[in-house]
Amino acid sequence: MEETLTIIKPDAVRAGNAGRIIAHLEDAGFVIQAIRRIRLSRAQAEAFYAVHRERPFFEDLVAFMTSGPAVAIALARENAVAHLRDTMGATDSAQAAPGTIRNLYGTNIQNNAIHGSDSPDNARVERAFFFAGCDLVG
Ligand code: GDP
């Protein structure tokens, strides 16, 4: 099985949708290998999104991701990276296909409820950011 990493973002946790999003992921066939409630520091958010450092929205993104608790989840499934991206929907919640997590629980291009790794290589890096090998089950 392939592995990936998701974060239920602060907007969705604040709105009380973390449980519904976890159920949505399980219904989509993902196995939860490890799960952690997190509160990202500024340094952690900047490191996690380092690839976006030069983008005009970087400061807003860091402020958003540090604005409250989030939930990091290590996931496994066949074709997990691509399937999670399909299950999440487009980055902009307003453009996300009906029934996707971002369509159901996101608000706009920034407050879009959920993160998902965009490649197996990035999934490995992002999973190691939050979880040690001994945390992973099944
Ligand atoms: P993703 O892989 O679909 O999450 O999208 P990206 O890697 O392009 O962007 C990372 C995150 O930055 C997104 O999930 C949004 O939370 C945020 N973001 C992306 N584009 C914009 C934008 O144009 N404006 C703002 N404010 N945030 C954005």
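The values are calculated or read from the model by the stated rules, or taken from the named source; none is laboratory data. Since this is a predicted model, take the numbers as computed values, not measurements. Counting neighbours? That spans all protein chains shown, and the Cβs are built from the backbone with ideal geometry, glycine included.
Summary table below
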read-out: Some residue of segment 54-61 being part of a helix (DSSP H, G or I), within 15 Å of the ligand (Cβ to nearest atom) and under 24 Å from Glu2 (Cα atoms); value: no
read-out: Residues being in a helix (DSSP H, G or I) and either in contact with a Ser or Thr (Cβ under 6 Å, 6 or more places away or on another chain) or small (Gly, Ala, Ser) (or both) - total across segment 116-138; value: 4
read-out: Condition check for Leu84: touching a Lys or Arg at 6+ places or on another chain (Cβ under 9 Å), surrounded by 16 or more Cβ atoms within 10 Å (Cβ to Cβ) and hydrophobic (A, V, I, L, M, F, W, C); value: yes
read-out: Any hit, segment 66-80, residues being within 13 Å of the ligand (Cβ to nearest atom) and in a helix (DSSP H, G or I); value: no
read-out: Options Ile38, Ile8: the member that is under 13 Å from the mean Cα position of the chain (by Cα), within 15 Å of the ligand (Cβ to nearest atom) and within 26 Å of Gly133 (Cα to Cα); value: Ile8
read-out: Any pair with Cβ under 6 angstrom, 6 or more apart, that starts in segment 85-100 at a residue that is within 18 Å of Asn17 (Cβ to Cβ) and among the basic types (Lys, Arg) and ends at one that is modelled with pLDDT of 95 or more and buried (at least 16 other Cβ atoms within 10 Å of the Cβ); value: none
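Here's the yes/no breakdown for (1) under 19 Å from Ile109 (Cβ atoms); (2) in contact with an Asp or Glu (Cβ under 8 Å, 6 or more places away or on another chain):
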site	(1), (2)
Val62	yes, yes
Ala76	no, yes
Thr91	yes, no
Ala94	yes, no
